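Reviewing the structure listed below.
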(Lines give C-alpha, C1' and ligand atoms only; values in the text may rest on other atoms or scores of the structure.)
Protein backbone atom coordinates (compact mmCIF):
# COMPACT_ATOMS: atom_id res chain seq x y z
CA UNK A 1 0.00 0.00 0.00
CA UNK A 2 1.53 3.32 -1.11
CA UNK A 3 1.61 5.72 1.84
CA UNK A 4 4.85 7.71 1.58
CA UNK A 5 4.71 11.34 0.39
CA UNK A 6 6.84 11.69 -2.75
CA UNK A 7 7.82 14.46 -5.15
CA UNK A 8 8.28 14.40 -8.91
CA UNK A 9 9.97 17.21 -10.85
CA UNK A 10 9.85 17.67 -14.62
CA UNK A 11 11.79 20.00 -16.90
CA UNK A 12 11.69 20.80 -20.60
CA UNK A 13 14.26 20.49 -23.37
CA UNK A 14 17.82 19.37 -22.66
CA UNK A 15 20.71 19.87 -25.10
CA UNK A 16 23.98 18.59 -23.62
CA UNK A 17 26.46 19.29 -26.39
CA UNK A 18 28.92 21.44 -24.47
CA UNK A 19 32.00 20.34 -22.52
CA UNK A 20 31.67 20.05 -18.74
CA UNK A 21 27.86 19.83 -18.90
CA UNK A 22 27.53 19.48 -15.09
CA UNK A 23 28.33 23.19 -14.87
CA UNK A 24 25.01 24.09 -16.44
CA UNK A 25 23.03 22.13 -13.83
CA UNK A 26 25.07 23.40 -10.87
CA UNK A 27 22.53 25.92 -9.57
CA UNK A 28 19.52 23.61 -9.93
CA UNK A 29 21.16 20.33 -8.91
CA UNK A 30 20.41 20.52 -5.15
CA UNK A 31 16.69 20.95 -5.80
CA UNK A 32 16.54 18.35 -8.55
CA UNK A 33 18.34 15.77 -6.46
CA UNK A 34 15.95 16.35 -3.56
CA UNK A 35 13.06 14.86 -5.57
CA UNK A 36 12.15 11.18 -5.76
CA UNK A 37 11.60 11.24 -9.54
CA UNK A 38 13.12 13.73 -11.99
CA UNK A 39 12.02 13.82 -15.64
CA UNK A 40 13.55 15.66 -18.60
CA UNK A 41 13.21 15.76 -22.39
CA UNK A 42 16.34 14.95 -24.38
CA UNK A 43 16.31 17.14 -27.48
CA UNK A 44 19.46 15.83 -29.19
CA UNK A 45 20.72 12.21 -29.01
CA UNK A 46 24.11 10.99 -27.81
CA UNK A 47 26.56 9.27 -30.18
CA UNK A 48 30.05 9.48 -31.66
CA UNK A 49 29.36 7.05 -34.50
CA UNK A 50 26.12 8.26 -36.04
CA UNK A 51 25.32 8.69 -39.70
CA UNK A 52 24.11 12.11 -40.85
CA UNK A 53 20.39 11.71 -41.53
CA UNK A 54 19.36 15.37 -41.27
CA UNK A 55 15.83 16.05 -42.43
CA UNK A 56 15.58 19.66 -41.22
CA UNK A 57 17.67 21.96 -39.02
CA UNK A 58 21.12 20.46 -38.32
CA UNK A 59 21.57 19.40 -34.70
CA UNK A 60 25.05 18.05 -33.89
CA UNK A 61 24.99 14.89 -31.80
CA UNK A 62 26.07 15.07 -28.16
CA UNK A 63 29.08 13.23 -26.76
CA UNK A 64 27.88 10.16 -24.81
CA UNK A 65 30.26 11.17 -22.01
CA UNK A 66 27.94 14.11 -21.37
CA UNK A 67 25.29 11.74 -20.04
CA UNK A 68 27.19 12.12 -16.78
CA UNK A 69 25.44 15.46 -16.27
CA UNK A 70 22.05 13.74 -16.12
CA UNK A 71 23.31 11.42 -13.41
CA UNK A 72 24.89 14.38 -11.58
CA UNK A 73 21.58 16.28 -11.64
CA UNK A 74 19.54 13.30 -10.43
CA UNK A 75 17.44 12.47 -13.50
CA UNK A 76 15.57 9.15 -13.29
CA UNK A 77 13.48 9.32 -16.48
CA UNK A 78 14.34 10.80 -19.89
CA UNK A 79 11.79 11.19 -22.69
CA UNK A 80 13.35 11.02 -26.15
CA UNK A 81 10.53 11.15 -28.74
CA UNK A 82 11.29 14.26 -30.76
CA UNK A 83 12.14 15.79 -34.09
CA UNK A 84 15.93 15.26 -33.74
CA UNK A 85 15.99 11.63 -32.60
CA UNK A 86 16.71 10.37 -36.14
CA UNK A 87 19.29 13.05 -37.06
CA UNK A 88 22.15 10.57 -36.60
CA UNK A 89 20.35 7.38 -37.53
CA UNK A 90 20.27 3.97 -35.88
CA UNK A 91 23.60 4.28 -33.99
CA UNK A 92 22.38 7.38 -32.16
CA UNK A 93 19.19 5.69 -31.01
CA UNK A 94 21.14 2.60 -29.90
CA UNK A 95 23.78 4.64 -28.08
CA UNK A 96 21.26 6.93 -26.40
CA UNK A 97 18.86 4.27 -25.18
CA UNK A 98 21.61 1.84 -24.13
CA UNK A 99 23.79 4.53 -22.57
CA UNK A 100 21.05 6.07 -20.46
CA UNK A 101 19.79 2.66 -19.40
CA UNK A 102 23.30 1.73 -18.32
CA UNK A 103 23.29 4.72 -16.00
CA UNK A 104 20.05 3.59 -14.38
CA UNK A 105 17.93 6.17 -16.20
CA UNK A 106 14.62 4.97 -17.63
CA UNK A 107 14.11 5.91 -21.28
CA UNK A 108 10.74 6.28 -22.99
CA UNK A 109 9.58 7.33 -26.44
CA UNK A 110 12.06 5.64 -28.78
CA UNK A 111 13.39 2.19 -29.54
CA UNK A 112 14.56 -0.24 -32.18
CA UNK A 113 11.01 -0.73 -33.45
CA UNK A 114 7.56 0.74 -32.89
CA UNK A 115 6.67 -1.66 -30.07
CA UNK A 116 9.74 -0.59 -28.10
CA UNK A 117 9.10 3.08 -28.87
CA UNK A 118 5.50 2.88 -27.64
CA UNK A 119 6.42 0.88 -24.57
CA UNK A 120 6.16 2.60 -21.18
CA UNK A 121 8.81 3.37 -18.61
CA UNK A 122 7.86 2.42 -15.05
CA UNK A 123 9.84 3.38 -11.97
CA UNK A 124 8.91 2.65 -8.37
CA UNK A 125 9.60 4.84 -5.38
CA UNK A 126 8.36 4.27 -1.86
CA UNK A 127 5.66 1.83 -2.96
CA UNK A 128 4.35 4.15 -5.69
CA UNK A 129 4.69 3.18 -9.34
CA UNK A 130 5.26 6.02 -11.83
CA UNK A 131 4.39 5.23 -15.45
CA UNK A 132 5.49 7.29 -18.46
CA UNK A 133 4.60 7.42 -22.15
CA UNK A 134 6.03 9.82 -24.74
CA UNK A 135 5.00 10.82 -28.28
CA UNK A 136 6.38 13.05 -31.02
CA UNK A 137 3.62 15.19 -32.54
CA UNK A 138 5.75 17.46 -34.74
CA UNK A 139 7.45 15.02 -37.12
CA UNK A 140 9.24 14.70 -39.43
CA UNK A 141 7.95 11.31 -40.51
CA UNK A 142 11.51 10.03 -40.86
CA UNK A 143 11.76 10.02 -37.05
CA UNK A 144 8.87 7.60 -36.64
CA UNK A 145 9.52 4.01 -35.64
CA UNK A 146 7.91 1.18 -37.63
CA UNK A 147 7.74 -2.58 -37.01
CA UNK A 148 11.21 -2.96 -38.56
CA UNK A 149 12.76 0.54 -38.27
CA UNK A 150 14.12 2.28 -35.15
CA UNK A 151 12.65 5.65 -34.25
CA UNK A 152 10.17 7.27 -31.91
CA UNK A 153 6.56 6.88 -30.88
CA UNK A 154 4.31 9.45 -32.47
CA UNK A 155 0.88 10.92 -32.96
CA UNK A 156 0.43 11.94 -36.59
CA UNK A 157 -0.83 15.53 -36.80
CA UNK A 158 -2.64 16.68 -39.92
CA UNK A 159 -2.91 20.30 -41.04
CA UNK A 160 -5.50 22.03 -43.22
CA UNK A 161 -4.91 25.52 -44.61
CA UNK A 162 -8.12 27.35 -45.49
CA UNK A 163 -8.40 30.76 -47.12
CA UNK A 164 -11.57 32.20 -45.62
CA UNK A 165 -11.55 35.51 -47.49
CA UNK A 166 -11.15 36.47 -51.20
CA UNK A 167 -7.44 37.36 -51.14
CA UNK A 168 -5.32 34.58 -52.69
CA UNK A 169 -1.81 34.56 -51.28
CA UNK A 170 -2.77 36.06 -47.94
CA UNK A 171 -2.36 34.19 -44.64
CA UNK A 172 -4.82 31.28 -44.27
CA UNK A 173 -6.62 29.93 -41.24
CA UNK A 174 -4.76 26.84 -40.06
CA UNK A 175 -6.59 23.83 -38.62
CA UNK A 176 -4.60 21.01 -37.00
CA UNK A 177 -5.87 17.71 -35.65
CA UNK A 178 -4.66 14.22 -34.82
CA UNK A 179 -5.00 11.49 -37.41
CA UNK A 180 -7.49 9.04 -35.83
CA UNK A 181 -5.51 5.78 -36.03
CA UNK A 182 -2.38 7.15 -34.34
CA UNK A 183 -4.50 8.90 -31.69
CA UNK A 184 -6.31 5.63 -31.00
CA UNK A 185 -2.96 3.85 -30.68
CA UNK A 186 -1.90 6.39 -28.04
CA UNK A 187 -5.18 5.93 -26.17
CA UNK A 188 -4.67 2.16 -26.25
CA UNK A 189 -1.16 2.55 -24.80
CA UNK A 190 -2.48 4.67 -21.93
CA UNK A 191 -5.31 2.29 -21.16
CA UNK A 192 -2.88 -0.64 -21.06
CA UNK A 193 -0.51 1.22 -18.74
CA UNK A 194 -3.22 2.53 -16.42
CA UNK A 195 -3.60 -0.62 -14.24
CA UNK A 196 0.19 -1.04 -14.02
CA UNK A 197 1.00 2.22 -12.25
CA UNK A 198 -0.29 4.71 -9.70
CA UNK A 199 0.79 7.98 -11.34
CA UNK A 200 0.59 8.05 -15.14
CA UNK A 201 2.35 10.82 -17.07
CA UNK A 202 2.11 11.40 -20.81
CA UNK A 203 4.70 13.66 -22.45
CA UNK A 204 4.26 15.19 -25.91
CA UNK A 205 6.80 16.78 -28.21
CA UNK A 206 4.40 19.39 -29.55
CA UNK A 207 3.66 23.00 -30.26
CA UNK A 208 4.79 25.94 -32.38
CA UNK A 209 8.41 26.84 -31.70
CA UNK A 210 9.57 30.30 -30.61
CA UNK A 211 6.02 31.67 -30.47
CA UNK A 212 4.79 32.99 -27.11
CA UNK A 213 1.21 32.21 -26.07
CA UNK A 214 -0.17 30.52 -29.19
CA UNK A 215 -1.25 26.88 -29.08
CA UNK A 216 -2.01 24.88 -32.21
CA UNK A 217 -5.48 23.32 -32.16
CA UNK A 218 -4.23 19.74 -31.90
CA UNK A 219 -2.35 20.44 -28.67
CA UNK A 220 -5.47 20.56 -26.55
CA UNK A 221 -7.02 17.68 -28.51
CA UNK A 222 -4.18 15.23 -27.80
CA UNK A 223 -3.76 16.43 -24.22
CA UNK A 224 -7.45 16.02 -23.42
CA UNK A 225 -7.48 12.60 -25.11
CA UNK A 226 -4.60 11.53 -22.86
CA UNK A 227 -6.47 12.59 -19.73
CA UNK A 228 -9.69 10.98 -20.95
CA UNK A 229 -7.76 7.73 -21.44
CA UNK A 230 -6.35 7.78 -17.91
CA UNK A 231 -3.36 10.15 -17.69
CA UNK A 232 -2.85 11.98 -14.38
CA UNK A 233 -0.45 14.57 -15.79
CA UNK A 234 0.47 15.88 -19.25
CA UNK A 235 3.83 17.47 -20.07
CA UNK A 236 4.62 19.40 -23.25
CA UNK A 237 8.01 20.27 -24.71
CA UNK A 238 9.66 21.23 -28.04
CA UNK A 239 8.50 24.86 -28.41
CA UNK A 240 11.73 26.32 -26.89
CA UNK A 241 9.59 28.70 -24.86
CA UNK A 242 7.15 28.12 -22.01
CA UNK A 243 3.44 27.93 -22.78
CA UNK A 244 0.37 28.25 -20.61
CA UNK A 245 -1.04 25.71 -18.17
CA UNK A 246 -4.49 24.13 -18.25
CA UNK A 247 -6.61 22.12 -15.86
CA UNK A 248 -8.91 19.54 -17.41
CA UNK A 249 -11.12 17.19 -15.44
CA UNK A 250 -9.07 17.83 -12.33
CA UNK A 251 -5.75 17.07 -14.06
CA UNK A 252 -3.00 19.55 -14.94
CA UNK A 253 -1.59 20.00 -18.44
CA UNK A 254 1.72 21.84 -18.84
CA UNK A 255 1.44 22.78 -22.50
CA UNK A 256 5.13 23.72 -22.75
CA UNK A 257 7.89 23.52 -20.16
CA UNK A 258 10.31 25.49 -22.35
CA UNK A 259 14.06 24.97 -22.27
CA UNK A 260 16.00 23.90 -19.23
CA UNK A 261 19.67 23.26 -19.98
CA UNK A 262 19.82 23.94 -23.72
CA UNK A 263 23.28 25.30 -24.42
CA UNK A 264 24.54 25.35 -27.99
CA UNK A 265 27.80 26.80 -29.27
CA UNK A 266 27.15 26.11 -32.95
CA UNK A 267 26.00 29.68 -33.56
CA UNK A 268 28.55 31.78 -31.68
CA UNK A 269 31.49 29.77 -33.02
CA UNK A 270 31.24 29.19 -36.79
CA UNK A 271 27.73 28.44 -38.06
CA UNK A 272 27.53 26.24 -41.14
CA UNK A 273 25.89 27.50 -44.31
CA UNK A 274 22.82 25.38 -43.55
CA UNK A 275 22.58 26.86 -40.06
CA UNK A 276 23.06 30.40 -41.39
CA UNK A 277 20.17 29.83 -43.80
CA UNK A 278 18.03 28.49 -40.95
CA UNK A 279 18.80 31.49 -38.72
CA UNK A 280 17.76 33.83 -41.54
CA UNK A 281 14.56 31.86 -42.10
CA UNK A 282 13.87 31.67 -38.35
CA UNK A 283 13.96 35.46 -38.10
CA UNK A 284 11.53 35.75 -41.02
CA UNK A 285 9.18 33.12 -39.55
CA UNK A 286 9.23 34.09 -35.88
CA UNK A 287 10.41 37.71 -35.85
CA UNK A 288 13.07 37.69 -33.16
CA UNK A 289 16.79 38.06 -32.66
CA UNK A 290 18.57 36.27 -29.81
CA UNK A 291 19.98 38.43 -27.03
CA UNK A 292 23.69 38.98 -27.86
CA UNK A 293 24.50 38.84 -24.15
CA UNK A 294 23.45 35.17 -24.19
CA UNK A 295 25.83 33.77 -26.84
CA UNK A 296 25.24 30.10 -25.96
CA UNK A 297 21.47 30.50 -25.61
CA UNK A 298 20.26 31.67 -29.06
CA UNK A 299 16.54 31.51 -28.40
CA UNK A 300 13.62 33.92 -28.12
CA UNK A 301 14.33 36.59 -25.48
CA UNK A 302 11.24 35.47 -23.55
CA UNK A 303 12.68 31.92 -23.38
CA UNK A 304 14.98 33.08 -20.57
CA UNK A 305 12.00 32.43 -18.34
CA UNK A 306 11.31 28.78 -17.62
CA UNK A 307 9.78 26.53 -14.97
CA UNK A 308 10.18 23.21 -13.22
CA UNK A 309 6.88 21.34 -12.85
CA UNK A 310 6.40 19.74 -9.44
CA UNK A 311 3.94 17.09 -8.29
CA UNK A 312 3.42 15.99 -4.70
CA UNK A 313 2.18 12.41 -4.41
CA UNK A 314 0.39 11.07 -1.35
CA UNK A 315 -0.92 7.53 -1.12
CA UNK A 316 -0.14 6.91 -4.78
CA UNK A 317 -2.14 9.94 -5.99
CA UNK A 318 -1.11 13.43 -7.07
CA UNK A 319 -2.27 15.68 -4.24
CA UNK A 320 -0.70 18.97 -5.34
CA UNK A 321 0.75 20.42 -8.56
CA UNK A 322 3.00 23.45 -8.59
CA UNK A 323 5.94 24.95 -10.44
CA UNK A 324 9.28 26.44 -9.48
CA UNK A 325 10.02 29.67 -11.39
CA UNK A 326 13.43 29.88 -13.07
CA UNK A 327 15.45 32.37 -15.10
CA UNK A 328 18.33 31.55 -17.44
CA UNK A 329 21.54 33.39 -16.64
CA UNK A 330 24.11 34.54 -19.20
CA UNK A 331 26.15 31.37 -18.70
CA UNK A 332 23.19 29.20 -19.74
CA UNK A 333 22.40 28.02 -16.21
CA UNK A 334 18.76 27.91 -15.04
CA UNK A 335 18.47 29.63 -11.66
CA UNK A 336 15.60 28.57 -9.40
CA UNK A 337 13.95 31.68 -7.97
CA UNK A 338 12.31 32.54 -4.69
CA UNK A 339 9.15 34.51 -4.06
CA UNK A 340 10.84 37.83 -4.73
CA UNK A 341 11.01 40.33 -7.54
CA UNK A 342 12.51 37.97 -10.12
CA UNK A 343 10.22 35.11 -9.08
CA UNK A 344 7.20 37.37 -9.50
CA UNK A 345 8.47 38.28 -12.98
CA UNK A 346 8.14 34.64 -14.04
CA UNK A 347 4.82 34.28 -12.16
CA UNK A 348 3.38 37.28 -14.00
CA UNK A 349 4.63 35.96 -17.32
CA UNK A 350 3.08 32.52 -16.87
CA UNK A 351 -0.18 34.09 -15.70
CA UNK A 352 -0.21 36.40 -18.74
CA UNK A 353 0.45 33.72 -21.36
CA UNK A 354 -2.06 31.35 -19.74
CA UNK A 355 -4.83 33.93 -19.99
CA UNK A 356 -3.83 35.04 -23.48
CA UNK A 357 -4.03 31.42 -24.71
CA UNK A 358 -7.55 31.07 -23.30
CA UNK A 359 -6.46 28.50 -20.72
CA UNK A 360 -8.03 28.17 -17.31
CA UNK A 361 -5.24 27.52 -14.80
CA UNK A 362 -5.04 29.88 -11.83
CA UNK A 363 -2.03 30.37 -9.60
CA UNK A 364 -1.02 31.30 -6.09
CA UNK A 365 2.19 31.43 -4.11
CA UNK A 366 2.87 28.96 -1.33
CA UNK A 367 6.30 29.78 0.03
CA UNK A 368 8.65 29.85 -2.96
CA UNK A 369 6.46 27.63 -5.15
CA UNK A 370 3.58 28.59 -7.43
CA UNK A 371 0.63 26.27 -6.90
CA UNK A 372 -1.79 25.47 -9.72
CA UNK A 373 -5.26 25.79 -8.27
CA UNK A 374 -7.21 22.76 -9.47
CA UNK A 375 -10.98 23.14 -9.31
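The values are calculated or read from the model by the stated rules, or taken from the named source; none is laboratory data. Computed from a prediction, not measured in an experiment: that's the story for all the values here. Here Cβ is always computed from backbone atoms with ideal geometry, including for glycine, and neighbour counts include all displayed protein chains.
The table below lists the values:
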| quantity | calculated |
| --- | --- |
| Test: residue in the range 242-251 that is modelled with pLDDT of 95 or more and within 18 Å of residue 184 (Cβ to Cβ) | no |
| Any pair with Cβ under 9 angstrom, 6 or more apart, that starts in the range 72-84 at a residue that is free of Cβ contacts under 8 Å to residues at least 60 places away in the same chain and on the phi > 0 side of the Ramachandran plot and ends at one that is surrounded by fewer than 24 Cβ atoms within 10 Å (Cβ to Cβ) and part of a loop (DSSP other than H, G, I, E, B) | 74/34; 74/35 |
| Tally of residues being in contact with a helix residue (DSSP H, G or I) (Cβ under 8 Å, 6 or more places away or on another chain) and surrounded by fewer than 24 Cβ atoms within 10 Å (Cβ to Cβ) across the range 247-258 | 3 |
| Filter result (closer than 16 Å to residue 137 by Cα and without any contact (Cβ under 8 Å) to a residue 12 or more places away in the chain) within the range 158-180 | 180 |
| Which numbered condition residue 261 misses (of (1) modelled with pLDDT of 95 or more; (2) under 30 Å from residue 283 (Cβ atoms); (3) surrounded by fewer than 20 Cβ atoms within 10 Å (Cβ to Cβ)) | (3) |
| Residue tally, condition touching a helix residue (DSSP H, G or I) at 6+ places or on another chain (Cβ under 7 Å) and surrounded by 12 or more Cβ atoms within 10 Å (Cβ to Cβ), over the range 141-183 | 14 |
| Residue ranges of strands (runs of 3 or more DSSP E) in the range 90-140 with at least 3 members under 24 Å from residue 63 (Cβ atoms) and under 19 Å from the mean Cα position of the chain (by Cα) | 106-108 |
| Residue check, residue 123 over 29 Å from residue 38 (Cα atoms) and in contact (Cβ under 8 Å) with a residue 24 or more places away in the chain | no |
| Scan of the range 195-246 for residues that are within 20 Å of residue 124 (Cα to Cα), without any contact (Cβ under 8 Å) to a residue 40 or more places away in the chain and touching a helix residue (DSSP H, G or I) at 6+ places or on another chain (Cβ under 8 Å), ordered by number | 234 |
